[in-house]
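> Take this structure first; my questions come after.
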Amino acid sequence: MIQDFPDFDPQIAAEFGYAETSTLSFLGIPVCDTAALLHLLMRFVFHLLVCFAIVHFCYYRHNKNKEYYKTFIFFATAMFLLLFLLESVKLQIGLTLGLFAIFGVIRYRTEMVPIKEMTYLFMVIAVSVINGLSLNISYVELIFANLIIIAVMAFFEYQKIFSADASKLILYEKIELICPDRRPELLDDLTRRTGLEIHRVEVGHIDFLRDVAFLKIYYKPLEGESCTIGSLTKIKP
């Protein structure tokens, strides 16, 4: 930029914070862009701290599942780097790849993912998109946007009135108690045998040949207890 003005004094430029720099390049590509690297590291560290706060303090505190813990962090890292490095490409392409990644995870999963875990996965993706593509907003706006997400998630996670019921799938042999008119007896028997405070039960698959039925019971979980089979409706043979 300074070379375009031959009458411009480099000493005066240095006093105003401008200096003539040369960037080493190979085949037209810079070998090391210090400013861009510093920007990447700053964004990534900030993004990782935000995702750690969401996963550790909002999710893992109430759902002791280490597999999803690692999955969320890995996914947040990959999504951020993918979107951030697309800065020089059109925004539409970045959003398209982001949506492709979302639907790829949902479609090609190997097991049923509970709705809560899917929600946290979506929030991690949303934070990755915000931190990876919002390069033209101020740092204050970026920080406040992330703090709003963390605050909303933390507020609803720590409110006991919004706590979801836990569920378990039971293979039940007293098939005569599954009739609607004997539902109180069924609840009493399940409460006595499981030791849980059961307030609702659903009758699923019934096998009259073996005189058993699949029941899904709903109860109030203990503090810190998590249940990963809430989305199941029938046990696979």
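> Does residue 44 satisfy being surrounded by 14 or more Cβ atoms within 10 Å (Cβ to Cβ), modelled with pLDDT under 85 and closer than 16 Å to residue 134 by Cα?
no
> Could you list, in sequence order, the residues of segment 162-182 that are touching a helix residue (DSSP H, G or I) at 6+ places or on another chain (Cβ under 8 Å) and free of Cβ contacts under 8 Å to residues at least 24 places away in the same chain?
Scanning segment 162-182 gives 162, 174, 176, 177, 182.
> Can I ask one more? Go through (1) at pLDDT below 60; (2) outside any helix (DSSP H, G or I); (3) more than 30 Å from residue 221 (Cβ to Cβ); (4) open to solvent by 90 Å² or more (accessible area, probe 1.4 Å) for residue 17 and report which single condition fails.
For residue 17, the exception is condition (4).
> Then there's this: So, in segment 57-77, of the ones that are open to solvent by 60 Å² or more (accessible area, probe 1.4 Å) and part of a helix (DSSP H, G or I), which residue ends up nearest to residue 148 (Cα to Cα)? Talk me through it step by step, then tell me what you get.
Taking segment 57-77 first, the residues open to solvent by 60 Å² or more (accessible area, probe 1.4 Å) are 57, 61, 64, 66-67, 70-71, 74.
From what is left, the residues that are part of a helix (DSSP H, G or I) are 57, 66-67, 70-71, 74.
Numbers: 57: 15, 66: 25, 67: 26, 70: 23, 71: 23, 74: 23 Å.
Once the filter is applied, the top-ranked residue is 57.
Yes or no, residue by residue, for (1) assigned to a helix (DSSP H, G or I); (2) open to solvent by 30 Å² or more (accessible area, probe 1.4 Å); (3) at pLDDT 80 or above:
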{"position": "99", "(1), (2), (3)": "yes, yes, no"}
{"position": "122", "(1), (2), (3)": "yes, yes, yes"}
{"position": "161", "(1), (2), (3)": "yes, yes, no"}
{"position": "171", "(1), (2), (3)": "no, yes, yes"}
{"position": "189", "(1), (2), (3)": "yes, no, yes"}
{"position": "204", "(1), (2), (3)": "no, yes, yes"}
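Let's see how each residue does on (1) modelled with pLDDT of 85 or more; (2) in a helix (DSSP H, G or I); (3) under 22 Å from residue 40 (Cα atoms); (4) open to solvent by less than 60 Å² (accessible area, probe 1.4 Å):
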position: 88; (1), (2), (3), (4): no, no, yes, no
position: 102; (1), (2), (3), (4): no, yes, no, yes
position: 112; (1), (2), (3), (4): no, no, no, no
position: 129; (1), (2), (3), (4): no, yes, yes, yes
position: 140; (1), (2), (3), (4): yes, yes, yes, no
position: 144; (1), (2), (3), (4): yes, yes, yes, no
position: 157; (1), (2), (3), (4): no, yes, no, yes
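The values are calculated or read from the model by the stated rules, or taken from the named source; none is laboratory data. Here the structure is a predicted model, which means the values were calculated and not measured. With ideal geometry, Cβ positions are generated from the backbone for all residues, glycine too; neighbour counts draw on all protein chains shown. Surface accessibility is based on the protein's heavy atoms, side chains included, excluding ligands, DNA and RNA. Shrake-Rupley method; radii C 1.70, N 1.55, O 1.52, S 1.80 Å.
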